[in-house]
Amino acid sequence: MASFRKKPITVQAEQWFPGKIIPGEVEIEGVGEGRCSTIQGHTARIRPGDWVITEPDGVHHYPCDPEVFANTYEQIWNEPVSYSGYGTTLEDV
């Protein structure tokens, strides 16, 4: 079987917690979950702590589990990162 390496890409992402506003993301009141519209036309559930990644079209988003995000992406250090204010850093996940 052949081996493959994921191509390097840059994504725009913000970590989400209830009460945080992310353009294009809609929080469900009283449930502690959010929803976002995916590029495939589906609605995806966002859980507290998930990273919300913006699709290349700049309109759609998809959630990513914090552990998966930490294992897949690394911060570009010359750009600011948006954290929730809960003291969470990429190294904490």
Residue tally, condition open to solvent by 70 Å² or more (accessible area, probe 1.4 Å) and either part of a loop (DSSP other than H, G, I, E, B) or not β-branched (Val, Ile, Thr) (or both), over the range 3-40: 17
Within the range 59-81, considering residues that are in contact (Cβ under 8 Å) with a residue 24 or more places away in the chain and assigned to a loop (DSSP other than H, G, I, E, B), the one nearest to Lys7 (Cα to Cα): Tyr73
Members of the range 37-93 found to be among the aliphatic types (A, V, I, L, M), closer than 21 Å to Pro18 by Cα and modelled with pLDDT under 90, listed by number: Val59, Val81, Leu90, Val93
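The values are calculated or read from the model by the stated rules, or taken from the named source; none is laboratory data. Note that this is a predicted model, so its numbers are computed, not measured. Here Cβ is always computed from backbone atoms with ideal geometry, including for glycine, and neighbour counts include all displayed protein chains. Only protein heavy atoms, including side chains, enter the accessible area calculation; ligands, DNA and RNA are left aside. Shrake-Rupley method; radii C 1.70, N 1.55, O 1.52, S 1.80 Å.
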